[in-house]
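This report concerns only the one structure given below.
The values are calculated or read from the model by the stated rules, or taken from the named source; none is laboratory data. Remember, predicted model here, so these are calculated numbers, not experimental data. Here Cβ is always computed from backbone atoms with ideal geometry, including for glycine, and neighbour counts include all displayed protein chains. We work out accessible area using only protein heavy atoms, side chains counted, and drop any ligands, DNA or RNA first. Shrake-Rupley method; radii C 1.70, N 1.55, O 1.52, S 1.80 Å.
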Amino acid sequence: MKKVILTGDRPTGRLHIGHYAGSLKQRVTMQNSAEFDEIYIMIADAQALTDNADNPQKIRDNIINVALDYLSIGLDPEKSTIFIQSMVPQLTELTFYYMNLVTVARLSRNPTVKAEIQQRKFESSIPVGFFTYPISQAADITAFGASHVPVGEDQRPMLEQCREIVAKFNSIYGDTLIMPQIVLEQNRKAQRLPGTDGKAKMSKSIGNCIYLSDTKEEVYRKVMSMYTDPDHIKISDPGKVEGNTVFTYLDVFSKPEHFSMFLPEYDNLDSLKDHYRRGGLGDVKIKKFLAAVLEEELAPIRRRRAYYENNLPLVMEILKTGCKKAEKKAGQTLEKVRKAMKINYFDDNSLL
Ligand code: ATP
Ligand code: MG
């Protein structure tokens, strides 16, 4: 069986280090592993409009931001097809057919959608499009015949929903769709990185983010204002490491070599944590270390970004080419789906 990747992001803002840790970094590794036959990376503008219908300019502006983020982390358009969801109308048609295979009760149980409805304060005025976005996500995944979907942990319910749709479709209409599997980042703490406020997950819609495109100064300022342990007031106080966002970020981003580079007095993260727990280690010191660690990761990304920012027509060309390729592939799947559903009336003369 072919190994195919589909994943993507909503163009609701620039991408942040939560995306990077939970999904983007893994995509680049998978891309460069040469283990996959096809890779599709989608800028999910149609999905972003489901809860931003009144703000089309925001979505429009962020198409290019997300494309720049992709190219700057090392996604290579020669290996990965980068495209825009709404430019592939086959996805909308598939969504419409899949809607018949899902109940309202099933959608209402989706824990991620439930949490997002609360977070967006929709209460009883939930847009139908937003409520049904897991179905459109199933269309995105199956249209490209994706076998692997590398995403953050919040996407697990979407993948479950998609797998149910695939099973139901294939059982009613015959074996047509490929069953996808979720690929989660190994490091559990990276699967759902908290925001700098230490509360919810880092999310563009909440504004608790360190962006991949932030300047060195912005990253430093955000790290310095981060939440740590509220009971660690004096340097001599013993501190908590669990639930301390600075340490969560260090768990995700620090590497053994960072200690010899920036904090040679500690052997590794465990000895830093031990000192913090004992007391005598101040927040400023660990924050400065975190800022340096993040800078190691972000500086090369920023450099690549500057190149593409100075070559925006090239970025547009990459997107246009990607959209064409994606449309072709989704068209092939749609043809199979129509045939399986017996709505391919003019393919032969069997109606006569
Ligand atoms: P929005 O608030 O508009 O939904 P978002 O920040 O949640 O934006 P998405 O575009 O919905 O970002 O998600 C893109 C991908 O990044 C998904 O695979 C998602 O699981 C992953 N992701 C998002 N936030 C995090 C996070 N804080 N930690 C790890 N992965 C994340
Ligand atoms: Mg999201």
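Accessible surface for the chain, divided over its residues, is 49 Å² per residue with a 1.4 Å probe. Expressed as a whole percentage, what fraction of the accessible surface of the stretch 172-330 belongs to carbon and sulfur atoms when a 1.4 Å probe is rolled over the protein heavy atoms? Here carbon and sulfur together make up 52 percent of the probe-accessible area. Between the Cα long axis of helix 312-340 and the first principal axis of the chain there is an angle of about 50°, rounded to the nearest 10.
Placing R0 at 45 angstrom, the Cβ-Cβ distance between PHE36 and TYR345 gives a FRET efficiency of 0.80 after rounding to 0.05.
Across the stretch 216-306, how many lysine pairs separated by 8 or more positions, or lying on different chains, have Cα atoms within less than 20 Å? So the count works out to 22.
Computed over the stretch 80-142, the alpha-carbon pair-distance distribution with 10 angstrom bins reads 19, 47, 29, 5, each value a whole percent.
Note on the stretch 1-91: Cα Rg divided by 2.2 N^0.38 Å, N the number of residues, gives 1.09. Per residue, the average separation of C-alpha pairs within less than 8 Å and at least 6 apart gives the chain a relative contact order of 23 percent. Across q = 0.06, 0.09 Å⁻¹, the chain modelled as identical point scatterers on its alpha-carbon atoms has Debye log10 I(q)/I(0) values of -0.25, -0.55, in the order of the q list.
Here the stretch 261-279 and the stretch 207-258 have alpha carbon centers that stand 14 Å from each other. Over the Cα atoms of the stretch 191-300, what is the Rg over Rh ratio if Rh follows Kirkwood? Here the Rg-to-Rh quotient is 0.95.
Could you estimate the translational diffusion coefficient of the stretch 223-352 from the Stokes-Einstein equation, with Rh from the Kirkwood formula over C-alpha pairs, at 4 °C and 1.567 mPa s, in whole µm²/s? Approximately 66 µm²/s, per Stokes-Einstein. Over the Cα atoms of the stretch 55-197, each weighted equally, I'd like the Debye log10 I(q)/I(0) at q = 0.09 Å⁻¹, rounded to two decimals. One equal scatterer on each Cα of the stretch 55-197 leads to -0.33.
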